[in-house]
Amino acid sequence: IHRNFKPMAGRRYTLVANVQKTHYTSTCQMPAYVAVESSGISEKNIAGENYFFATLTFQDPAKVSNYYIYTLSINGGPFRFASAQSDQFNNGLKVTHYIADLDTDLSRGDNVIVRRYCVDEKTYQYWNEYQNNNLSNAAPSNPKSNISNNALGYFSVAPVKDYPFKIGQ
């Protein structure tokens, strides 16, 4: 972690590491942050059960591919991956993303922080493969890395913003 690092949108960043005589490299061009116009909590009835979702609404920039990663913290807990989304089917449109924890239902009284990253395509592909990797598969695979030499993980430089919510009683 570099506390004084101030990345800039549009700039390309490079990772170079030598570990036990193996050379690893990766690059990432940092995208611009896509501003959120409104946010809130939505309650939806799905199959007879009520569920809460954090919602972020924004105008997706036209003619540019955009990719988003969401993590959640519930009641001060650690941030955990929630979803990876792209504008593949809504490029240039007004979009609302509905964000929820994959393992824990949100409840009345919960304090939730949604952390939203605008990421490059390779980072999105990594997390999209992760979310589509069904743990019941006979042999789940690791997501494809953007780091050379078959490294596990990914390299990313991304703008991020936190959105805090309290689910009303």
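Table: residues versus (1) open to solvent by less than 30 Å² (accessible area, probe 1.4 Å); (2) of a type outside the set (Phe, Trp, Tyr); (3) part of a strand (DSSP E or B).
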{"site": "85", "(1), (2), (3)": "no, yes, yes"}
{"site": "95", "(1), (2), (3)": "yes, yes, yes"}
{"site": "107", "(1), (2), (3)": "no, yes, no"}
{"site": "113", "(1), (2), (3)": "no, yes, yes"}
{"site": "116", "(1), (2), (3)": "yes, yes, yes"}
{"site": "143", "(1), (2), (3)": "yes, yes, no"}
{"site": "147", "(1), (2), (3)": "yes, yes, no"}
{"site": "153", "(1), (2), (3)": "yes, yes, no"}
{"site": "163", "(1), (2), (3)": "yes, no, yes"}
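Taking the range 9-44, which residues are open to solvent by 100 Å² or more (accessible area, probe 1.4 Å) and over 20 Å from residue 115 (Cβ atoms)?
Answer for the range 9-44, where residues must be open to solvent by 100 Å² or more (accessible area, probe 1.4 Å) and over 20 Å from residue 115 (Cβ atoms): 11, 12, 18, 20, 21.
How many of the residues making up the range 84-119 are at pLDDT below 95 and polar (S, T, N, Q)?
So the count comes out to 5.
Which ranges mark the strands (runs of 3 or more DSSP E) fully within the range 1-83 that have 3 or more residues being at pLDDT 95 or above and under 23 Å from residue 123 (Cβ atoms)?
Per the criteria, 12-19, 22-29, 49-59, 67-74.
Considering each of 96, 55 in turn, give the residue that is within 30 Å of residue 169 (Cβ to Cβ) and touching a Phe, Trp or Tyr at 6+ places or on another chain (Cβ under 7 Å).
One residue alone meets the criteria, 55.
Does residue 136 fit the bill of being in a loop (DSSP other than H, G, I, E, B), polar (S, T, N, Q), modelled with pLDDT of 90 or more and closer than 26 Å to residue 77 by Cβ?
For residue 136, the condition - in a loop (DSSP other than H, G, I, E, B), polar (S, T, N, Q), modelled with pLDDT of 90 or more and closer than 26 Å to residue 77 by Cβ - is not met.
Could you say which residue among 26, 42 is among the polar types (S, T, N, Q), under 24 Å from residue 145 (Cβ atoms) and over 18 Å from the mean Cα position of the chain (by Cα)?
26
Need pairs with beta-carbon distance below 6 Å; first residue farther than 16 Å from residue 17 by Cα and within the range 144-160, second open to solvent by 40 Å² or more (accessible area, probe 1.4 Å) and among the hydroxyl-bearing types (Ser, Thr, Tyr); sequence gap 6+ or separate chains.
Every condition considered, the pairs that remain are 158/117; 159/33; 160/117.
All but one of (1) over 15 Å from residue 33 (Cα atoms); (2) open to solvent by 70 Å² or more (accessible area, probe 1.4 Å) hold for residue 99; state the number of the condition that does not hold.
All conditions pass for residue 99, except number (2).
The values are calculated or read from the model by the stated rules, or taken from the named source; none is laboratory data. Owing to the predicted nature of the structure, the values given are computational and were not obtained by experimental measurement. Cβ coordinates were reconstructed from backbone atoms using ideal geometry, including for glycine residues, and neighbour counts include every protein chain displayed. Ligands, DNA and RNA are excluded from the accessible area calculation, which covers all protein heavy atoms including side chains. Shrake-Rupley method; radii C 1.70, N 1.55, O 1.52, S 1.80 Å.
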